[in-house]
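Colleague: This is the structure I have questions about; it appears just below.
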Amino acid sequence: MMEAGVTGRGSGEDTQHSGRGRRSSFIRRARECSESAMLRQLDPEELMIVGRIAESDEGRVVHAYDTRARRHVALKQLFGPLSPITEARFLREAHLPARLSHPGIVEILGVGRWPGGDPFYVMELIHGIELSQLVAQARLLRERLPLLRHVCACAEAIGSAHRRRIIHRDLKPENVLISDRGQPVIIDWGLAKDLAEDDEPVADDAPPPSGHSGRTLAGHIVGTPSFMSPEQARGEAADPRSDVYAVGAILLHVLTGVLPYPGDDARQVVDQVIAGPPPALGLLSSSLRPELVAVVERALARAPDERYPDGDALAEALQGLTL
């Protein structure tokens, strides 16, 4: 089953207004993007809700039928009322992947608004399973090794985004769906960023990170603790090498069957990420090819300069090492 996470720089006289300036600039850019992107504007009356796919406290993804296009789709919406910054993030989540065309990146088909004004977007309906579920089902290393080809395909897909200067910032096994045709598809671009834009919004009142380590954090810390890079854990700017680290963490998860960093409390896991390398590195089997272990270690290098520069370089390094 398909599941998706629900998921201008201030230079004025007073620094207390800089956050407001970034927020308003980001909202303006998101609206301009919404108006200019070549996405079909959908009429809610053309959509028939078939059933629920996934739901959280923030929103839901449903199975719908587009009567005009005559195809089954997935529709994502957030529960209102929405603040301007939340709506802007949601619009970005739809429009950034819509700029990309790759079989490994979820296809966005259109956007629209309900009669009450709340936005929604429609994407391809993927019949498949999360990579995280496949890892959980494979208890032995020999059962997990065939999953390496999915990690390589994920690196290739994110590499295509990097060529467009777009980073995902929340890559994790739950955000990689393996379709019933065996195609890995990266979903949930809610934290994605266009590096050509310098107006990163901040949450209005972002709480300190807490809760489960697998949950996405927003605000000053962006990403999912167990798979985020050290620079993200420190609240610093991310770039393609941050995505490389996340793919490396996914690779480590596939090879060991455990999370890169243990723990249920997000704050504690973030502290571990800042403190040192993933403990799971010590669980790599001695039977693995040294070349594969070297790829894992380079992808997970503490310093971004020591990692592969982008997804394409990581995918090239993995080719020939997967089954």
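The values are calculated or read from the model by the stated rules, or taken from the named source; none is laboratory data. As the structure is a computational prediction, the values presented were derived from the model and not from experiment. Cβ: placed from backbone, ideal geometry, glycine included. Neighbour counts: every protein chain shown.
Colleague: Look through the range 107-147, keep the residues that are hydrophobic (A, V, I, L, M, F, W, C), surrounded by fewer than 19 Cβ atoms within 10 Å (Cβ to Cβ) and more than 19 Å from the chain's Cα centre (by Cα), and return whichever of them is nearest to residue 43 (Cα to Cα).
Modeller: 114
Colleague: Right, here's the next one. Give just the number: which of (1) exposed (fewer than 14 other Cβ atoms within 10 Å of the Cβ); (2) of a type outside the set (Asp, Glu); (3) at negative phi; (4) part of a loop (DSSP other than H, G, I, E, B) does residue 309 not satisfy?
Modeller: For residue 309, the exception is condition (1).
Colleague: Only one of these is part of a strand (DSSP E or B), among the small types (Gly, Ala, Ser) and either at pLDDT below 90 or not assigned by TED's automatic domain parsing to the domain that holds residue 223 (or both): 94, 30, 54. Name it.
Modeller: 54
Colleague: A further question follows. Given the condition within 23 Å of the chain's Cα centre (by Cα), more than 26 Å from residue 149 (Cβ to Cβ) and either crowded, with 19+ Cβ neighbours inside 10 Å or not assigned by TED's automatic domain parsing to the domain that holds residue 149 (or both), answer yes or no: does some residue in the range 272-290 qualify?
Modeller: So far as the range 272-290 goes, yes, one or more of its residues are within 23 Å of the chain's Cα centre (by Cα), more than 26 Å from residue 149 (Cβ to Cβ) and either crowded, with 19+ Cβ neighbours inside 10 Å or not assigned by TED's automatic domain parsing to the domain that holds residue 149 (or both).
Colleague: Also, I was wondering about something else. Out of all the residues in the range 51-84, which are of a type in the set (Ser, Thr, Tyr) and touching a Gly at 6+ places or on another chain (Cβ under 9 Å)?
Modeller: 56
Colleague: Testing residue 258 on (1) in a loop (DSSP other than H, G, I, E, B); (2) at pLDDT 95 or above; (3) crowded, with 18+ Cβ neighbours inside 10 Å, one condition comes back false. Which one is that?
Modeller: Answer for residue 258: the failing condition is (3).
Colleague: Kindly evaluate residue 100 against the criterion of being crowded, with 17+ Cβ neighbours inside 10 Å and part of a loop (DSSP other than H, G, I, E, B).
Modeller: Judged against the criteria, residue 100 is a match.
Colleague: Give me a count of the residues in the range 70-91 that are at pLDDT 95 or above and either assigned to a helix (DSSP H, G or I) or among the hydrophobic types (A, V, I, L, M, F, W, C) (or both).
Modeller: Summing the residues that are at pLDDT 95 or above and either assigned to a helix (DSSP H, G or I) or among the hydrophobic types (A, V, I, L, M, F, W, C) (or both) in the range 70-91 gives 3.
Here is a yes/no grid of residues against (1) among the aliphatic types (A, V, I, L, M); (2) at pLDDT below 95; (3) not in a loop (DSSP other than H, G, I, E, B):
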site: 231; (1), (2), (3): no, no, yes
site: 241; (1), (2), (3): no, no, yes
site: 277; (1), (2), (3): no, no, no
site: 296; (1), (2), (3): yes, no, yes
site: 317; (1), (2), (3): yes, no, yes
